[in-house]
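Novice: First the structure, which I've put down as structure tokens, then a few questions once you've had a look.
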Amino acid sequence: MLAGYTSPRTPRGRSCLAPMPPWHYVSNTLAVEFEADADRVASFLPEGLTAASGRCAVYFAEWQFATDTGQEYLDPVGSQYKEAIFLVSAKHEGELVAYCPFIWVDQDVSLMRGLVQGWPKQIGSVWVSRAYDLHSKASPVVGPGGKFGASLAVKDRRLVDATITIREQTDAAPSPGFAKAFNVRYFPDLAAGSHDRPSVHELVQLRSRNVQFSPIWRGDASLTFFDHPSLELPDLRPTRVLAGYRFSFAFTVDDIVHVRDLRANAARLERV
């Protein structure tokens, strides 16, 4: 019998790309809140979500993860990765929520975990300024006047640049945020005649627990999107940059809410 939470499934189950949850995460994160054209934001929303505004946020994060049964952080090559996450504002049944139209990561393990959750992950190159526990010209200050930068490149092309100058501490996390984020899990069917009828197409809501935040620093920010020959992220380029943030946070994932089956033939399948 083959075992493993994801493929490849093997006799001992140790070769699967993503291990069995729960997954524990911690990160150092830079975030920028911004506004985009509200109509373009709305055009990215899936069935089940409605337009709220043009408010968006991008998160540049350096992550480390572990499972309940392992200390994966002792082998950093498998437990560390960097990510750029784009969230847009939406409404679900009248409640303000977030939706992720784009996300890039530099580690295949994270990509697989993300696809399980509905994050539309692709491989990209993400870089974030680091702060250290020493006073040095080579390290930004985590305090008033501290300057940080981040970038995203995809398929050898620079896609996003960001800078943040932090000014003060705040109790408010960036918005839209992860707490009420919705995703779409989608897996197509290759069978002839079924290319437009996916095997999986559902709206899901994320669940997390053990959520912790460090002190949150807020300040000024710049954010630039560059054109790309194949990617549509520039459709969400900022019309106004609102604020930048720097913080650490941690949480655990081992659950998800199945909100709606979006397959066109879902009702027919339920009757069969």
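The values are calculated or read from the model by the stated rules, or taken from the named source; none is laboratory data. Treat the numbers as computed from the prediction; the structure is a model and nothing was measured. Glycine gets a Cβ as well: all are built from the backbone with ideal geometry, and neighbour counts include every protein chain shown. Just so you know, the surface numbers come from the protein's heavy atoms only, side chains and all, with ligands and any DNA or RNA stripped out. Shrake-Rupley method; radii C 1.70, N 1.55, O 1.52, S 1.80 Å.
Novice: So how much slack lies between residue 211 and residue 68, counting 0.36 nm per residue of separation and subtracting their Cα-Cα distance, in nm?
Specialist: 49.9 nm is the gain from fully extending residue 211 to residue 68.
Novice: Roughly speaking, what is the centre-to-centre gap between the stretch 149-193 and the stretch 5-66 when only Cα atoms are used, to the nearest Å?
Specialist: Between the Cα centres of the stretch 149-193 and the stretch 5-66 lies a distance of 7 Å.
Novice: To continue, here is another question. Quick one: pull the percent of accessible area on the chain belonging to carbon and sulfur, 1.4 Å probe, ligands and nucleic acids left out.
Specialist: C and S fraction of accessible area: 51 percent.
Novice: While we're looking at this one, here's another question. Could you give the length gained on full extension between residue 258 and residue 156, defined as 0.36 nm per residue of separation minus the Cα-Cα distance, in nm?
Specialist: The span from residue 258 to residue 156 would gain 33.1 nm if fully extended.
Novice: Oh, and also: Can you tell me the FRET efficiency between residue 9 and residue 96 if r is taken as the Cβ-Cβ distance and R0 is 30 Å, rounded to the nearest 0.05?
Specialist: 0.15
Novice: Starting from the Cα of residue 77, step 7 Å along the direction of its Cβ; do the same at residue 167; then give the gap between the two resulting points in nm.
Specialist: Going by the 7 Å Cα→Cβ label model, 4.5 nm.
Novice: A further question on this structure: Dividing the Cα convex hull volume of the chain by residue count, how many Å³ per residue is that?
Specialist: 162 Å³
Novice: Okay, next question. What value does the stretch 80-138 have for Rg/Rh, both radii from Cα atoms and Rh as Kirkwood defines it?
Specialist: Radius of gyration over Kirkwood radius for the stretch 80-138 works out to 1.15.
Novice: Which whole-number value in Å² is the accessible area per residue of the chain, probe 1.4 Å?
Specialist: 53 Å²
Novice: Order the following by accessible area, largest value first: 112, 20. Probe radius 1.4 Å; ligands, DNA and RNA are ignored.
Specialist: 20, 112
Novice: Let me ask another. What relative contact order, as a whole-number percentage, does the stretch 115-268 give when Cα pairs under 8 Å and 6 or more residues apart are counted?
Specialist: Once normalised by length, the contact order is 23 percent.
Novice: Using 7 Å Cα-to-Cβ label points, what is the residue 248/residue 191 separation (nm, one decimal)?
Specialist: Result: 5.0 nm between the two label points.
Novice: Give the average over all directions of the projected area of the C-alpha convex hull of the stretch 110-167, one decimal, in nm².
Specialist: Orientation-averaged projected area of the Cα hull: 5.7 nm².
Novice: Using only helices, what value at 222 nm comes out for the chain when you add -39,500 (n - 2.57) per DSSP H run of length 4 or more and divide by the total residues, to the nearest 500 deg cm²/dmol?
Specialist: After summing the helix terms and dividing by the residues of the chain, the value is -2500 deg cm²/dmol.
Novice: So how exposed is residue 180, as accessible area in Å² (1.4 Å probe, rounded to 10)?
Specialist: Surface open to solvent at residue 180 totals about 90 Å².
Novice: Here is a further query. From the backbone phi of the stretch 99-107, what are the Karplus-calculated ³J(HN,Hα) couplings (6.51 cos²θ - 1.76 cosθ + 1.60, θ = phi - 60°) in whole Hz, Gly and Pro given as x?
Specialist: Running phi through 6.51 cos²θ - 1.76 cosθ + 1.60 with θ = phi - 60° gives 9, 9, x, 9, 7, 10, 9, 10, 9 Hz.
Novice: Now for a different question. Can you list the lysines whose alpha carbon sits under 19 Å from that of residue 155, skipping same-chain ones fewer than 8 residues off?
Specialist: 82, 121
Novice: Based on the Cα atoms of the stretch 128-272, what semi-axes does the equivalent ellipsoid have, where each is the square root of 5 times one gyration tensor eigenvalue, given in whole Å with the largest first?
Specialist: Gyration-tensor ellipsoid for the stretch 128-272: 39, 21, 13 Å.
Novice: Do you know the relative contact order of the stretch 1-129, to the nearest whole percent, from alpha carbon pairs under 8 angstrom that are 6+ apart?
Specialist: 20 percent
Novice: Work out from phi, with θ = phi - 60° and the Karplus expression 6.51 cos²θ - 1.76 cosθ + 1.60, the ³J(HN,Hα) of each residue of the stretch 50-63, listed in order in whole Hz, and give x for Gly and Pro.
Specialist: Listing the rounded values in order: 10, 5, 10, 6, x, 6, 9, 8, 10, 10, 10, 10, 9, 9 Hz.
Novice: Using +1 at the Cβ of each Lys and Arg and -1 at the Cβ of each Asp and Glu in the chain, identify which of 110, 244, 13 lies farthest towards the dipole's positive end.
Specialist: Of 110, 244, 13, it is 13.
Novice: Same structure, new question: When only Cα pairs under 8 Å and 6 or more residues apart are kept, what is the percent relative contact order across the chain?
Specialist: About 20 percent, as a whole number.
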